[in-house]
Structure formats: C-alpha cells, structure tokens
Ligand code: EPU
C-alpha cells in the first residue's frame, strides 16, 4: 500500500502548472467511440481514471496509444462490441458515458453499473429518461448491467432535466450526436467540461449549439471525422491549489488555467481576505497580506461554487477565526471527510446538508484516510496546515484525479512524500 506523509506548517510559495481536466478527459475519451476515424487528444492528465478508461476502450477493440505523457491516440475502428461489462468498467464512474456513446454509435449498449467515489446515492434515472425520450428501452440485467437499446436509429426529442445533471447532460448529448433530427436538452448542466465535450464533438463535425447555457440543441449527423483536440485545464485541480495556498497562508501562481472557470472560487477567496490577481491563463493567490475571515458557502451547479472544491474549502475555513457554514446542495452525503478532520482537531458539526465549522484552532497531525478523491485532497491540505507529521492513507482515490501531486506540492515548498507500507488491516483495498 501507499500513503502520503506530510510534515505540515510550511506556507506554499511559487508556481504550479495545472493539468488537463479529469472530468473533461473521462467524457471526451469515451466520446471517441462515436468517431469514424482516429483522434489525437492532447492535454490529457496522467491520472488513474484516464488510464482506466483507456484500457476499457482497448478491451472493447479500440487502438489506444499514449504518444507522450499528455497525448493519447485513439482509433475506434476496431470496436465491434456494444458491451462494456468487465471489472474495469465497475472501477470508475465515468464509464457510464459508454452508454451514450455506444447508443449513439450502434443504438445499443450494455454497460456495468458504474462505481466511482462513494458519497451517497448516485442514481442515473435522468440519463435513462433522456435515452427513453429518444426511443431506447432499458433493463437491468442481473442487478449489475444496464442494457439500453433501440431497434432503430435514435430519434431526437425535447428533453427537460429535473436537475442540471452533468452526467445526464453528457450522456444525452453523446446519444444525440448521431440521432435522427434535433434533440433539445433543457435545464442542461453548464460545467466547463460540458462545453469542452461539445467543442470536441463539433470539431469532429457534430452540430451542437448552446453548450454552456441552459438549453443545448443537437442536430444529428451521419459521420464524425478524426481530429486533434486539446482539452481544457482542470478547474478543480486549480481550485484545490488555490485553497491550499490560502490555507497555508502562502502565495501561489496557479498557471495554465482559464480564470473564468475559477470565478466562484476566486470570489470566495477574495471574500475571506485573500488577494487574487487574474492573468490571461493564470491566477495569483496571495494569503500573506492580512488575516483571513470566515464566510458561508453554498455549493451549486456551475457557475456556482463547485461541490468538488467543497472539502478543500472546508479545510481552509477551519484555519480562520469564527463560525463558517457550508451548505452542500449537490450531493446528499459529501461530508465523510469531517470525521477525519475532527481527528486532526477541527471543530465541525454536520446537520443534514449543512456543516458548521468553528474555525481558528490549529490542526494537529493524525493518521487519516482519503474517503474519496476530493476528501483526499482536503486531507492533504489539512496535513500541509497541521503541526506535526500527518499520514494520509487510501491515496488510490487521490491518484484517480491529481497528476503529480507530490511533485507539484514539493515544488511549492511542501514537505510531502509517498511511502510504501504493508497493509494487514484489509481496510484499504480499492473500493470502486
Ligand atoms: N442525479 C439524479 N439523477 C441522475 C443524475 C444525477 O438524481 O440521473 C443527482 C445526483 O444524485 C446528485 C446530483 O444530481 O445529487 C448531481 O449529479 P450529477 O449527475 O451532476 O453528477 P455526476 O455527473 O455523477 C459529475 C462529476 C462529479 C461532480 C458532479 C457535480 C464526473 C465524472 N463527475 O458527477 O465529480 O461532483 O458532476 O458537479 O464528471 C469529482 O470529480 O470528484 C466528482 C465527483
């Protein structure tokens, strides 16, 4: 097993370059299934979720080659199956994009129920309602595999989402790209990676308008040609380093970002007293100038404050005087990290979707676990702030989504290393 060992108490200082967006990459790679020619995808983050989705496509018959650390070549021509049911598929959430991609390609898909980070119920009813509106029936096979199929080419329809679900918006977009006629998605999600996926598909010849607004219109096409495409920077990785800079009272230039995507995080950091400077492709976070103050945060779909930065921001709020309240409005159960932070001396109580943080006391080192990807990032930030040596285990969750996190933090002056150890507890086996 591996864990991170962090000697805390050093302010982060310097520059960090942000990698390509995980949540764009895990949508764009399966989207290549829809293409009729090979594609080259650049600015791919070197993380385990990307490795996994690449291996799933290989199992299905695609040729997938890593040309260099951040570029993938994918030729989907060898894919003859409409199934993705191996154990690899169960190991990640985004494998369910193969439902939309295979439906769009061959109007039939059999895909394992997805795994991924565990923070409460993660239903896919909205995805299935969208497919049904386009003429595809679904059934659950053996309680583990979703079979969605239509005897004919899918037909465009007008679809209203009850919630602006990222996954449902992406899956419906994928299924609609080669459907007959026009599909309209109302109350669509607007996250930056939705726009990136639409741009990728449009560069191949798809006809998608309105991505990034509430209404996305997709006119089906017959053929998608191969492209070379570079994916956007990772909004959440950037937000994580911004929170880490502030929590350690450091000064960090976060480079290779799209500042517009970071506005909700920037606004909150400014509200608590950080100085933020925005450049064309970078933001400077300076928390050295004045004491930081408390604030309240409510997570919302984009352009609201992202739920995927909530645990990291919570750690920051434990370091400032006063009572801060977080309202998690996207996920039912995204406070699993709170018990670990409490072990480090944080004063947080959870009441339903609210977390009430009594900030200001110094965190102290403790052995803690990453209960999911962003919770793991939060544990690292806590370790960077804490007195003493913090050990973070279950780091396989963190490695799903953060490229070179040890190297990037070390370059910023952190004392963090990855160590190998024997695990006899059985608790740290990879949970899907
Ligand atoms: N929901 C439904 N029915 C559905 C789909 C969603 O009720 O059919 C509910 C969910 O239960 C949840 C809310 O809608 O309460 C939001 O779910 P959404 O579908 O938007 O989330 P997702 O597509 O499963 C993606 C990201 C998550 C991120 C959320 C919200 C990927 C691969 N995952 O998940 O990212 O938290 O959007 O922004 O893009 C992460 O990166 O750490 C991560 C978990």
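At a temperature of 20 °C and a viscosity of 1.002 mPa s, determine how fast region 65-136 diffuses translationally according to Stokes-Einstein, using the Kirkwood radius over alpha-carbon pairs as Rh; express D in µm²/s, rounded to the nearest whole number.
155 µm²/s
Applying 1/(1 + (r/R0)^6) with R0 = 25 Å to the Cβ-Cβ distance of residue 298 and residue 132, what FRET efficiency is obtained, to the nearest 0.05?
Computed FRET efficiency for residue 298 and residue 132 comes out at 0.20.
Using the C-alpha gyration tensor of region 153-228, what are the square roots of 5 times its eigenvalues, in whole angstrom, with the largest one first?
18, 15, 9
Return the FRET efficiency for the residue pair residue 422, residue 364: r is the Cβ-Cβ distance, R0 is 30 Å, and the value is rounded to the nearest 0.05.
Efficiency, rounded to the nearest 0.05: 0.70.
Determine, from the Cβ-Cβ distance of residue 267 and residue 80 and an R0 of 60 Å, the FRET efficiency 1/(1 + (r/R0)^6), rounded to the nearest 0.05.
Approximately 0.75, to the nearest 0.05.
Could you calculate the contour length gain from residue 223 to residue 122, that is, 0.36 nm times the residue separation minus the distance between their Cα atoms, to one decimal place in nm?
Stretched fully, the residue 223-residue 122 segment lengthens by 33.0 nm.
In which sequence would 190, 298 go, from the one with the fewest C-beta neighbours within 10 Å to the one with the most?
298, 190
For 140, 224, 52, 201, what ranking results if the residue with the fewest other Cβ atoms within 10 Å of its Cβ goes first?
Fewest to most other Cβ atoms nearby, the residues stand as 140, 52, 224, 201.
Can you list, largest first and rounded to whole Å, the semi-axes you get for region 217-358 by taking the square root of 5 times each eigenvalue of its Cα gyration tensor?
Result for region 217-358: semi-axes of 31, 21, 12 Å.
So for the chain, what are the equivalent ellipsoid semi-axes in whole Å, largest first, each being the square root of 5 times an eigenvalue of the Cα gyration tensor?
Semi-axes (√(5λ), whole Å): 37, 22, 21.
What distance in nm separates the two pseudo spin-label positions at residue 279 and residue 407, each 7 Å out from Cα along the beta-carbon direction?
Modelled inter-label distance: 2.1 nm.
Beyond 29 Å, how much of the Cα-Cα pair distribution for region 22-230 remains, as a whole percent?
14 percent
What ranking do 218, 236 get, fewest neighbouring Cβ atoms within 10 angstrom at the top?
Neighbour counts put them in this order, fewest first: 236, 218.
Give the shape of region 38-97 as rounded, prolate or oblate, defined through the alpha-carbon gyration tensor: a ≥ b ≥ c are the square roots of its eigenvalues, a/c under 1.5 means rounded, and otherwise the shape is prolate if a/b is larger than b/c and oblate if not.
Judged from the Cα gyration tensor, region 38-97 comes out oblate (a/c at least 1.5, b/c at or above a/b).
A short reminder: the numbers here are calculations on the coordinates, not readings from a lab. Fair warning: this is a prediction, and the values are worked out from it, not measured in the lab. Because the Cβ atoms are built from the backbone with ideal geometry, glycine has one as well, and the counts that use them run over all protein chains shown.
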